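Enquirer: One structure is given below, represented as structure tokens, and several questions about it will come after.
The values are calculated or read from the model by the stated rules, or taken from the named source; none is laboratory data. The model shown is predicted, which means the values in this text are computed figures rather than measured ones. Counting neighbours? That spans all protein chains shown, and the Cβs are built from the backbone with ideal geometry, glycine included.
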């Protein structure tokens, strides 16, 4: 065994997986996991932990895997994370824990994400559940939204002994985990639902089909329903568009709508009654993980797919693994390219997207080099469907119906980064509702910080 190299992870063949919605990455088996864990040098001052937004004791759980005690490894992870099987699949480990791994200085970092996934999957297959609270504290907390921020906050508070109820606007719990991330990256029934059941096993109640701000307000939850504190983790579900001519044409979708149809409403299944556009040629505008998800979904529905992104490959915000998988599957990248107009036929249906070529100029405020239009470089890509994957912002429904709740100019709730406290006493917030669209693990980190903030607040009452 070469200790400088990762144990390779098994995957579905690209040609096969491009035609199905089964999980791409097949993960480690016991032998592979133990072998990979044995590469870890068990640093005393572990940098990997500093790179984890929920501060999992990574050397601690890997040591248990190394010894073959997977149940103990799972309990180590569970103390910090309510969603290990999710995180092991969708976290950007390369820029977090694995990015700081000491082993990675002279070789490849430890596959921390794949080991976390293996541990969580083994625990699920063997009926192992996280340990709950030893005693109840007799106080009630309402959590709005059942995405990663809400589930993490609820799980942590339940473990401390609080009575927690999650209110979810959709008919199914999971937030972005069920409506945003495709089945081939994150299986819903075997992974997401099982992790949600683990949160429920801690004593958390989940009420679906409750739109806070319509059915009941935050103030009513506190004054009439008897909740001592409220956490807002309602996500960012409002799509953004470019504002270019033709954007209202038939055949233009937000990635949010397109993915929700496929993921939550199961439009990808042949027996589904949910309609979804199966274009012959599809352009996805954007370069983040959501753009890759939309593009890879369209490909599996039988389309020829182009990704249109205004910067170069080095600046693509999507995970390297997602870009690699998309290329393997046959998605065509039009980089340094920016749409300027959507073209339509006489009936108002999309028949092309007019683009200009770009070159990179000086860095902008994000630190990335700013794209500049190359004069006289217009060209047309013939497509019949366009998916806009340009990010999302929070729905202002909760903030507009809650008195004394401060928001910023992007309609995000203003909250203290350390403890999630908002301008309104007893109300905390975190995740995409505060930051705008970000990653699953950052939302979980915010949910964790807010749970601690709520605990400190209620302990002082």
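Enquirer: Do we find that residue 63 is buried (at least 17 other Cβ atoms within 10 Å of the Cβ), without any contact (Cβ under 8 Å) to a residue 60 or more places away in the chain and closer than 16 Å to residue 33 by Cα in this structure? Walk me through it before giving the result.
Expert: Values: buried (at least 17 other Cβ atoms within 10 Å of the Cβ): yes; without any contact (Cβ under 8 Å) to a residue 60 or more places away in the chain: yes; closer than 16 Å to residue 33 by Cα: yes.
Answer is yes for this residue.
Enquirer: Give the residues of the stretch 423-438 that are at pLDDT 95 or above and either in contact with a helix residue (DSSP H, G or I) (Cβ under 9 Å, 6 or more places away or on another chain) or within 10 Å of residue 148 (Cα to Cα) (or both), sorted by residue number.
Expert: 424, 425, 426, 427, 428, 429, 430, 431, 432, 433, 434, 435
Yes/no per residue for (1) in the same structural domain as residue 297 (by TED's automatic domain parsing); (2) touching a residue at least 12 places away in the same chain (Cβ under 8 Å); (3) not in a strand (DSSP E or B):
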residue: 166; (1), (2), (3): no, yes, no
residue: 171; (1), (2), (3): no, yes, yes
residue: 182; (1), (2), (3): no, yes, yes
residue: 186; (1), (2), (3): no, yes, yes
residue: 190; (1), (2), (3): no, yes, yes
residue: 195; (1), (2), (3): no, yes, yes
residue: 199; (1), (2), (3): no, yes, yes
residue: 220; (1), (2), (3): no, no, yes
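Enquirer: In addition: Determine whether residue 402 is assigned by TED's automatic domain parsing to the domain that holds residue 454, within 23 Å of residue 215 (Cα to Cα), more than 25 Å from the chain's Cα centre (by Cα) and modelled with pLDDT of 95 or more.
Expert: Numbers: assigned by TED's automatic domain parsing to the domain that holds residue 454: yes; within 23 Å of residue 215 (Cα to Cα): yes; more than 25 Å from the chain's Cα centre (by Cα): yes; modelled with pLDDT of 95 or more: yes.
Yes: the conditions hold for residue 402.
Enquirer: Taking only the stretch 122-160 into account, find how many residues are within 22 Å of residue 172 (Cα to Cα), modelled with pLDDT of 95 or more and surrounded by fewer than 24 Cβ atoms within 10 Å (Cβ to Cβ).
Expert: 1
Enquirer: What number of residues in the stretch 257-310 are assigned to a helix (DSSP H, G or I), surrounded by fewer than 24 Cβ atoms within 10 Å (Cβ to Cβ) and in contact with a strand residue (DSSP E or B) (Cβ under 6 Å, 6 or more places away or on another chain)?
Expert: Selection size over the stretch 257-310: 1.
Enquirer: Then there's this: Counting only residues that are under 27 Å from residue 199 (Cα atoms), touching a helix residue (DSSP H, G or I) at 6+ places or on another chain (Cβ under 7 Å) and at pLDDT 95 or above, give me the helices (runs of 4 or more DSSP H) lying completely in the stretch 1-108 with at least 3 of them.
Expert: Details: elements: 14-17, 30-37, 47-50, 58-66, 70-78, 84-90, 103-106.
Answer list for the stretch 1-108: 47-50, 58-66, 70-78, 84-90.
Enquirer: What are the residues in the stretch 359-381 that are closer than 21 Å to residue 255 by Cβ and in contact with a strand residue (DSSP E or B) (Cβ under 8 Å, 6 or more places away or on another chain), if any?
Expert: 371, 381
Enquirer: Name the one entry in 446, 415 that is touching a residue at least 12 places away in the same chain (Cβ under 8 Å), under 30 Å from residue 257 (Cβ atoms) and part of a loop (DSSP other than H, G, I, E, B). Even if it seems obvious, please write down each step before you answer.
Expert: Values: 446 fails: part of a loop (DSSP other than H, G, I, E, B).
Being touching a residue at least 12 places away in the same chain (Cβ under 8 Å), under 30 Å from residue 257 (Cβ atoms) and part of a loop (DSSP other than H, G, I, E, B) holds for just one of 446, 415, which is 415.
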